[in-house]
Amino acid sequence: MQEKGTISIHTENIFPIIKKFLYSDNEIFLRELVSNAVDATQKIKRLSSLGQYQGELGDLQVEVSFDEEKKTITISDKGIGMTADEIKKYINQIAFSGATEFVEKFKEAKDANELIGKFGLGFYSAFMVADKVEINSLSYQEGAQPARWICDGSTEFEISDGSRTERGTDITLFVNAESEEFLSKFKLQEILDKYCKFLPVPIKFGTKTESEPDGEDEEGKPKYTSVEVDNIINNPNPIWTKAPSELKDEDYLEFYKELYPFGEDPLFWIHLNVDYPFNLTGVLYFPKVKNDFDFQRNKIKLFSRQVFITDEVKDIVPEFLMLLHGVIDSPDIPLNVSRSFLQADSNVKKINNYITKKVADKLSELYKKDRKAYEEKWQDIGLFVKYGFVSDEKFYEKAKDFTLLTNTKNEHFTLEEYKEKVKPLQTDKNDTIVYLYTPDAAKQDAFIQSANKKDYDVLLMNSPIDNHFISHLEQKLEKTTLKRVDSDVADKLIVKDDAPAHVLTEEQTTKVKTIFESTISKPNMKVEIESLSPEELPVHITQDEFMRRMKDMAKMGGGMSFYGSLPDNYKVAVNGNHPLISRIVSATDDQEQQKLAKQAFDLALLSQGLLTGSDLTDFVKRSVELI
Ligand code: ADP
Ligand code: MG
């Protein structure tokens, strides 16, 4: 039998279009052909289990091989196969049923994925890398004849009797000149690893390698025998396809290593498993978060029935969970459509909500089950929780019960607990509770000590998200404000009515102010005389909470460029009640006054790590003289 015909397509010639517009993603040809082979294999298994196929199933591997000399890549399966009529029906007609539409749309399409899936061009993606494609197939049906189909990339095809003796299909690509890079073990292995690593049928990747010469050819040159070296390159039963009850912790850890061979063990994981109202399985891992965020993002792999699709899961996974690792598998996510469509898709929204809820439930469970263990992991988990807290209202509703605040003594409190703890001492005269915090306990030690002396508690807010977290806390908590511990002197951080009286007269106050102003003479340092407890330091340098926050926001690109352009402004708070200040006032010699003022000021700078360069050198010299 031999027959020639024309692929039924109303449009001119589709192949140049396929080649031209799909070129960028051309490696997906392998994904398409291997998953067709897997589909055919799954079908014969199903027919067999339904009793509709009585023959031996045999060894059901899919095999990928290539021949560098002949410039071919072959994908073979032992699936259901196709008769000549089926090839005509499934390959010639069905595949192109959407062709007219395809040609109209190709102009708008951004990538190959979009077109391949949407228009059922899976098989034809072979022509992105091949001049000629050959199908050799034998159907599982009793009495079926083997069939061969050849197409050279025009709309002409040729179909004839085939030679295959075993059930199944070989697809052979005659690789075109521009695509010879695919005729490499390394390249093919890489693509298979990327797309086919978890396909449900064993995939054997064979290459012919030359062994020792074992004879001579007609011209007397040494003759090499090719040896097949095969490996099963995939794991057909990845854990996300199994029931959580079948799995132990080791299984999850082992799978994590399989996904990220060089990764540190994750903190914990969540097994996703839902089949209504959408179908989704997967395992999400919480990694130990490193500072290098970008490096850790985009580590979630998206699959559709175990075929890898992408690691761009931006719309499916909520933004605040983009640092998670793992896999998601869902046949319900429209994979082949554009980003804007994805964002509007209602399944995608539901999936997003589902993941948020699962993560919140898991965290809540960990918190309730073993608070101590949860606290130990808080440093790592906290980042996710706070990120979700500030960015996702639904998550916040749950997270408010397991969000922890940590103080400088490394004690952890829930929001409710903390409020009860600090309320009695840290409520100001307007009934506002003031939470104090520090971004750097070592650097602000002097301020922390002053606060602790008054029995105030100081929170540690040193994670990269804390600036946002602080302003969200203020929005969420009633009558509560947060102040950085260096935003004012301890006595004034929480304003109560009982300010200690001034020991200086009005005249003396003006004098001290003048002395300090002339000593410091820095435009961004504003001197103020405060009446603090005599035990406090003689001078404090503070930075206004509001101004500092505005500047921090501007730095992070919060659109407050006006504040960003301002210099750092400080308040030099001179403790009028300190004995040293009285000494300065009563000193008779101008120079002596200046020297003492300068020394007190430098000590304040020093305690905050602000004294550097020649100022520091001068300070040391002066200190030696004073001793
Ligand atoms: P899809 O896989 O989305 O149906 P394809 O273009 O990839 O679209 O394949 C078209 C059809 O060709 C398949 O539905 C199947 O019927 C048939 N087919 C392709 N490859 C094989 C194969 N290896 N074995 C059996 N049938 C196949
Ligand atoms: Mg297909």
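Could you tell me whether any residue of the stretch 546-565 is at pLDDT 90 or above and buried (at least 18 other Cβ atoms within 10 Å of the Cβ)?
Checked against the condition, which is being at pLDDT 90 or above and buried (at least 18 other Cβ atoms within 10 Å of the Cβ), the stretch 546-565 yields no hits at all.
Got at least one residue in the stretch 184-204 being at pLDDT below 90 and open to solvent by less than 80 Å² (accessible area, probe 1.4 Å)?
no
One residue is enough: does the stretch 79-90 have a residue meeting the conditions surrounded by fewer than 16 Cβ atoms within 10 Å (Cβ to Cβ) and more than 14 Å from ligand 1 (Cβ to nearest atom)?
no
Identify the residue in the stretch 386-397 that is open to solvent by 50 Å² or more (accessible area, probe 1.4 Å) and touching a residue at least 40 places away in the same chain (Cβ under 8 Å) and, among all such residues, is nearest to L321 (Cα to Cα).
Y387
Residue by residue, here is whether (1) modelled with pLDDT under 85; (2) crowded, with 23+ Cβ neighbours inside 10 Å holds:
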residue	(1), (2)
K105	yes, no
A130	no, yes
R148	no, no
E156	yes, no
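Find the helices (runs of 4 or more DSSP H) located wholly in the stretch 399-505 whose residues include 2 or more that are open to solvent by 70 Å² or more (accessible area, probe 1.4 Å) and farther than 25 Å from E528 by Cα, and list them.
415-422, 466-476
Listed here are the residues, each with its yes/no results for (1) part of a helix (DSSP H, G or I); (2) surrounded by fewer than 18 Cβ atoms within 10 Å (Cβ to Cβ).
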| position | (1), (2) |
| --- | --- |
| S582 | yes, yes |
| T588 | no, yes |
| K598 | yes, no |
| E625 | yes, yes |
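The values are calculated or read from the model by the stated rules, or taken from the named source; none is laboratory data. Because the structure is a prediction, the values reported are computed rather than measured. Here the Cβ is made from the backbone with ideal geometry for all residues, glycine too, and neighbour counts use every protein chain on show. Protein only, heavy atoms only, side chains kept; ligands, DNA and RNA dropped before computing areas. Shrake-Rupley method; radii C 1.70, N 1.55, O 1.52, S 1.80 Å.
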